[in-house]
Amino acid sequence: MLLTRRLTRELTGGYSIVAERRFRIRFSAANGGFRVDGSQVASSVKAPPNLAEFARLEQQRVEIGLFPLELDRQGIIRSGGAKTSHDSLRRAVELALAEVKQMRLSAQDKDEARAFLLGLERAAGRIASEPPVDLFTPPPLATPATHRVALPNGLSGSITTQFSGSVRPETGLLDQAERIVLTGMDGTMRRTVEHWSMAALQDQATSVR
């Protein structure tokens, strides 16, 4: 199969970074469920001109940490997948904000708000770095999960995730899926959108040559 992941991160000024990677994957029976092995076969990264060097380096990077994956009989990832539960959100936010606090920002620092927004965006990045546990059997309807956090100087922030998609009738496995991660602070909202698709390799042969 050919698994495609396209990640879009919104930036300030209406700009965005779009990274797409394609993986050749194979399913095999293992441990009462399934094992998914895979390797990257293509990548492309688009970014604003001032991030051209970042885009070049990111496009050259080969994603090696995603596989192998172990699935149960229902196609749910047994380990390594990112759940969209409130506990997972809370943990991601706590880790990211702890990094910001280590910067020892002054309460008078004019960039404090920006720093804590960056912390929320780091939390979003942590969530997007791991596939949803139900990636290969996505729910048809999204169930949003939100975690709110109180920040210094009376600021408030939140991070929300939602995931949904469709399966192929002939396989019961992933066809298309989308995960949206929203980070917000005092009216400022940014999105990270992750789109997954899977198709038989012969259907996509020309795209990976």
Seminar exercise, completed: Here segment 187-202 yields Karplus 3J(HN,Hα) values (6.51, -1.76, 1.60; θ = phi - 60°; whole Hz; Gly and Pro given as x) of x, 8, 10, 10, 10, 10, 10, 10, 10, 10, 8, 9, 8, 4, 4, 5
For this session: Please give, to one decimal in nm, the separation of the simple spin-label points placed at Leu57 and Ile76, each 7 Å out from Cα toward the Cβ.
Result: 3.9
Exercise. Which distance in nm do the two modelled labels at Ser16 and Ala30 give, with both placed 7 Å along the Cα-to-Cβ direction?
Worked result: 3.4
Seminar exercise, completed: Dividing the mean separation of Cα pairs under 8 Å (6+ apart) by the residue count of segment 1-63 yields a relative contact order in percent of 28
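Bear in mind that the values in this text are calculations on the coordinates, not laboratory data. Remember, predicted model here, so these are calculated numbers, not experimental data. All Cβ positions, glycine included, derive from the backbone under ideal geometry; neighbour counts span all protein chains shown.
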